[in-house]
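*Asks:* Here it is: the structure, laid out below.
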Amino acid sequence: MKPRHRDTGAGRPPSCPYCLRPSRFLASSAPLYHGHDYGPVYVCEPCGAWVGCHRGTERPLGRLANAELRRAKVQAHDAFDRVWRSGDDHPRARGEAYRRLAELLGIEPSQCHIGMMDVEDCRRVVEACTREALTPRPPGRRE
Ligand SMILES: [Zn+2]
């Protein structure tokens, strides 16, 4: 399928946090995900940055993320998931791990979402999950 962009009428596209230019709306994210369409996205091609939309809308989920930030988020999620998945009681463990993480980062639990973090926050998550030994076993990778 060919990527199409169009005027959304749903407000102006968010500006790219890296170059500060307005992003471009794509009705399909298939070109970004090897043919898998995860819904509409806002992209900044020069920066290789994009952000998805809330399901069924053309409202961006947050800020545009470039390759570095996307990688950082994956690493933060990996590190964090190891924490709560290592518990016996998963659903509870996840909530508690998030609370603990928010404490370690010094932010409100309600603001503690890896999806909303920048590269620096993501690094702190990885560091906290390792250094504070929230996991019974440290991750195999060392910095
Ligand atoms: Zn840009």
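A short reminder: the numbers here are calculations on the coordinates, not readings from a lab. Since this is a predicted model, take the numbers as computed values, not measurements. No Cβ is skipped: glycine too gets one built from the backbone with ideal geometry, and neighbour counts run over all protein chains shown.
*Asks:* Sketch the reach of a paramagnetic label on residue 113 as a point 7 Å from Cα along Cα-to-Cβ, and name the residues of segment 39-67 whose backbone nitrogen lies under 11 Å away.
*Replies:* Counting only backbone N, you get 54-55, 61-63.
*Asks:* What length, rounded to one decimal in nm, is gained on full extension from residue 36 through to residue 120, with 0.36 nm per residue of separation minus their alpha-carbon distance?
*Replies:* Once the chain is fully extended between residue 36 and residue 120, it gains 27.3 nm.
*Asks:* What does the extension gain come out to for residue 27 and residue 81, with contour length at 0.36 nm per residue minus their alpha carbon separation?
*Replies:* Once the chain is fully extended between residue 27 and residue 81, it gains 16.3 nm.
*Asks:* How big is the Rg/Rh ratio for segment 67-131, C-alpha atoms only, Rh by Kirkwood, two decimals?
*Replies:* 0.95
*Asks:* Ranking 101, 32, 26 by Cβ neighbours within 10 Å, fewest first, what do you get?
*Replies:* 32, 26, 101
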